[in-house]
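K.L.:
Here it is: the structure, laid out below.
The values are calculated or read from the model by the stated rules, or taken from the named source; none is laboratory data. In this text the structure is predicted, and so the values were computed from the model without any measurement. Using ideal geometry, Cβ is built from the backbone for each residue, glycine included, and neighbour counts are taken over all protein chains shown.
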Amino acid sequence: MSDVVVRTPLKQGPGRSVHLEREPDSDVARVVKRFHGGRPWSFLHDGSRSRREFEALRFLYALGVAVPEPLARARIGGVYEVAMAFLPDTVTLQSLYPARELWPLAPERLAAPLGELLAGLHFAGLDHDDLHAGNVLVGPGGRVWAIDFHAARLRRRLDGKVLLRDLVRLAAGAREFVPQRFRARVLLAWQRALPDDLRELLEPTALLTAKIERSARERRRDVVLARRKRWTRAGTAVRRVAGAGVSGFVRVDLDAAWARSLAFACARSSKLQHLDVPFPGARTRRLLVLRGTSHAQLREIWYAAARLDEHRIPVMSPLCLIRTPLPCAAFEVPRNAAFLAVTPQRELPPRHELARDLGHLCGSLHDRLLAPTALGPEHVLVTPRGELCLAGVPGLADIDPFDTRARRRDLLRWRELVGGREPSAQRAFAAGYLEAWRGTSVERELLRRELSHG
């Protein structure tokens with residue numbers, strides 16, 4: 001390439017960065033990954049990471065596995081670089097999950113190439129150790145590629161634990177975005193593409209599916225729990241707010257000055273919760289402001305909302321958490337929503353519709369192995385259109401997937417919100433609950449029997 005190239009950043013991190021290099025007035029492009037640990041002697045670690053990346057790419061590409069073509073590995077200016085071919089018009093599988101309209105083809109048709117790609121990696125003996133949907137690229141025609149091998153190891157033979165680990169990690173990242181039948185199709189395509197010696201390491205399909213689904217559910221819960229700290233430190237989720245006696249955090253897409261003005265409005269207002277503070281840039285959106293409790297209590301409410309939002313459960317969306325002599329936290333809630341506790345019966349949707357929606361909300365939580373530490377009509381918002389949203393939940397408790405008694409205790413709390421024991425309302429609640437469950441058909445049948453017995 002010429003000395004003059006156009007470099008476009010693609011990804012930036014503390015230990016490595018990725019950018020696109022393109023010659024001016026040319027279609028020739030390549031992706032360059034740079035390793036820069038930034039600590040004394042880190043160049044030794046950077047060297048081994050770049051070597052693993054390049055060797056894995058070269059080995060897999062020679063075998064015909066779908067990975068970018070490796071071009072070069074070099075140390076330039078004290079920094080190790082790995083260059084590889086650019087795959088135009090590709091996006092990560094992870095970016096497709098929440099936007100179904102962007103999928104290049106129907107998910108059921110994409111399942112086969114995904115399963116075959118995973119089988120190819122396993123046949124090659126690749127111990128990736130960081131395989132997730134963000135490390136899978138999808139092209140316009142549904143072609144898929146694997147990327148990011150700096151932490152990978154090439155083994156002579158993989159054992160069953162590594163195979164199961166990769167399946168669980170991929171399923172955990174996908175389970176809240178795609179239906180279980182899609183994950184089952186990927187598993188079936190993977191099994192069919194495996195060589196006989198690796199297939200012999202597997203349990204029967206029904207047992208393997210059940211183990212993957214159970215472990216993926218638990219892993220997803222644990223991953224989201226570990227990520228909650230992102231909401232009280234500057235980074236990808238929030239930025240710091242400081243100055244004029246105010247400290248705290250505000251969502252990265254919002255202005256810190258707005259968060260400070262909100263804190264001052266809280267200090268001047270005599271109202272305990274709802275403040276007439278416009279949403280920045282959109283007066284038609286509505287805020288719910290909580291205050292008057294300790295900062296520690298508000299922080300737990302903030303964490304719970306952030307976790308539920310990441311689990312794709314309808315919840316007030318966290319905006320800012322401010323620490324002052326009178327701490328406050330702001331959340332976005334649906335327009336025209338009111339708490340179930342203060343909504344007149346005549347303004348509620350029909351009882352069977354409300355019961356079904358409450359069942360769906362409860363089932364969504366249980367599917368994520370979660371239960372609110374407190375639950376009442378003061379924790380549920382309802383709109384005139386019947387949309388439900390959790391608000392002000394003080395915390396979340398884990399549910400043991402095998403503890404049916406704990407699940408039933410929580411089910412009783414939810415059924416009390418339905419406001420009656422009519423058989424039609426209870427059937428609607430059960431239907432909504434089962435609809436929200438993202439597990440296997442066997443799991444749903446067991447739950448259906450459990451719900452039918454009270």
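K.L.:
Check off (1) modelled with pLDDT of 90 or more; (2) not in a helix (DSSP H, G or I) for Asp129 and give me the number that stays unchecked.
P.N.:
For Asp129, the failing item is (1).
K.L.:
Would you tally the residues in the range 172-229 being surrounded by fewer than 15 Cβ atoms within 10 Å (Cβ to Cβ) and either among the aromatic types (Phe, Trp, Tyr) or assigned to a helix (DSSP H, G or I) (or both)? Walk me through how you get there before you give the answer.
P.N.:
Let us first name the residues in the range 172-229 that are surrounded by fewer than 15 Cβ atoms within 10 Å (Cβ to Cβ), namely 179, 181, 192, 195-197, 199-200, 203-207, 211, 222-223, 226-227, 229.
Narrowing further to those that are either among the aromatic types (Phe, Trp, Tyr) or assigned to a helix (DSSP H, G or I) (or both): 181, 192, 196-197, 199, 205-207, 211, 222-223, 226-227, 229.
Counting residues in the range 172-229 that are surrounded by fewer than 15 Cβ atoms within 10 Å (Cβ to Cβ) and either among the aromatic types (Phe, Trp, Tyr) or assigned to a helix (DSSP H, G or I) (or both) gives 14.
K.L.:
Additional query: Report, ordered by the first and then the second residue, all pairs with beta carbons closer than 8 Å, sequence separation of six or more or different chains, a first member in the range 385-411 that is in contact (Cβ under 8 Å) with a residue 24 or more places away in the chain and closer than 27 Å to Leu298 by Cβ, and a second member that is surrounded by 15 or more Cβ atoms within 10 Å (Cβ to Cβ) and among the basic types (Lys, Arg).
P.N.:
Filtered contacts from the range 385-411: Leu396/Arg307; Asp398/Arg221; Ile399/Arg407.
K.L.:
Could you grab me the full set of residues in the range 296-318 that are crowded, with 21+ Cβ neighbours inside 10 Å and closer than 14 Å to Ala329 by Cα?
P.N.:
Within the range 296-318, Leu298, Ile301, Trp302, Ala304, Ala305, Ala306, Met316, Pro318 meet the criteria.
K.L.:
Oh, and also: Of the residues Leu187, Leu198, Leu202, Leu208, which is outside the structural domain of Leu446 (by TED's automatic domain parsing), under 25 Å from Leu370 (Cα atoms) and in contact with a helix residue (DSSP H, G or I) (Cβ under 9 Å, 6 or more places away or on another chain)?
P.N.:
Leu208
K.L.:
Among all residue pairs at least 6 apart or on different chains, which show Cβ distances below 9 Å where the first residue, located in the range 215-232, is more than 19 Å from Arg165 (Cα to Cα) and the second is of a type in the set (Val, Ile, Thr) and surrounded by 15 or more Cβ atoms within 10 Å (Cβ to Cβ)?
P.N.:
Qualifying pairs under 9 Å: Arg230/Val238; Trp231/Val238; Thr232/Val238.
K.L.:
Same structure again: Hey, Trp437 hits all of (1) aromatic (Phe, Trp, Tyr); (2) surrounded by fewer than 19 Cβ atoms within 10 Å (Cβ to Cβ); (3) touching a Cys at 6+ places or on another chain (Cβ under 6 Å) but one; which does it fall short on?
P.N.:
Only one criterion is unmet by Trp437, namely (3).
K.L.:
Inspect the range 84-104 for any residue being surrounded by 11 or more Cβ atoms within 10 Å (Cβ to Cβ), among the acidic types (Asp, Glu) and over 24 Å from Arg175 (Cβ atoms) and give the result as yes or no.
P.N.:
Looking only at the range 84-104, we keep the residues that are surrounded by 11 or more Cβ atoms within 10 Å (Cβ to Cβ), and these are 84-87, 90-97, 100, 102-104.
Cutting the leftovers down to among the acidic types (Asp, Glu) gives us none.
No; the residues of the range 84-104 include none that is surrounded by 11 or more Cβ atoms within 10 Å (Cβ to Cβ), among the acidic types (Asp, Glu) and over 24 Å from Arg175 (Cβ atoms).
K.L.:
State whether the residues of the range 314-337 include one that is part of a helix (DSSP H, G or I), without any contact (Cβ under 8 Å) to a residue 60 or more places away in the chain, closer than 23 Å to Leu396 by Cα and aliphatic (A, V, I, L, M).
P.N.:
Scanning the range 314-337 turns up no residue that is part of a helix (DSSP H, G or I), without any contact (Cβ under 8 Å) to a residue 60 or more places away in the chain, closer than 23 Å to Leu396 by Cα and aliphatic (A, V, I, L, M).
K.L.:
Can I ask one more? Which pairs have Cβ atoms under 7 Å, sit 6 or more apart or on different chains, and link a residue in the range 287-300 that is not assigned by TED's automatic domain parsing to the domain that holds Pro318 to one that is not in a strand (DSSP E or B)?
P.N.:
Filtered contacts from the range 287-300: no entries.
K.L.:
Can you find even one residue in the range 414-435 that is closer than 25 Å to Arg228 by Cα and either of a type in the set (Val, Ile, Thr) or without any contact (Cβ under 8 Å) to a residue 40 or more places away in the chain (or both)?
P.N.:
No, the range 414-435 has no match at all.
Let's see how each residue does on (1) of a type in the set (A, V, I, L, M); (2) in a loop (DSSP other than H, G, I, E, B); (3) within 25 Å of the chain's Cα centre (by Cα); (4) assigned by TED's automatic domain parsing to the domain that holds Phe182:
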residue: Ser95; (1), (2), (3), (4): no, no, yes, yes
residue: Pro98; (1), (2), (3), (4): no, yes, yes, yes
residue: Leu105; (1), (2), (3), (4): yes, yes, yes, yes
residue: Gly115; (1), (2), (3), (4): no, no, yes, yes
residue: Leu118; (1), (2), (3), (4): yes, no, yes, yes
residue: Leu121; (1), (2), (3), (4): yes, no, yes, yes
residue: Gly134; (1), (2), (3), (4): no, no, yes, yes
residue: Phe149; (1), (2), (3), (4): no, yes, yes, yes
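K.L.:
Are any residues in the range 269-308 acidic (Asp, Glu) and modelled with pLDDT under 85, and if so, which ones?
P.N.:
Once the filter is applied, which keeps residues that are acidic (Asp, Glu) and modelled with pLDDT under 85, the range 269-308 yields only Asp276.
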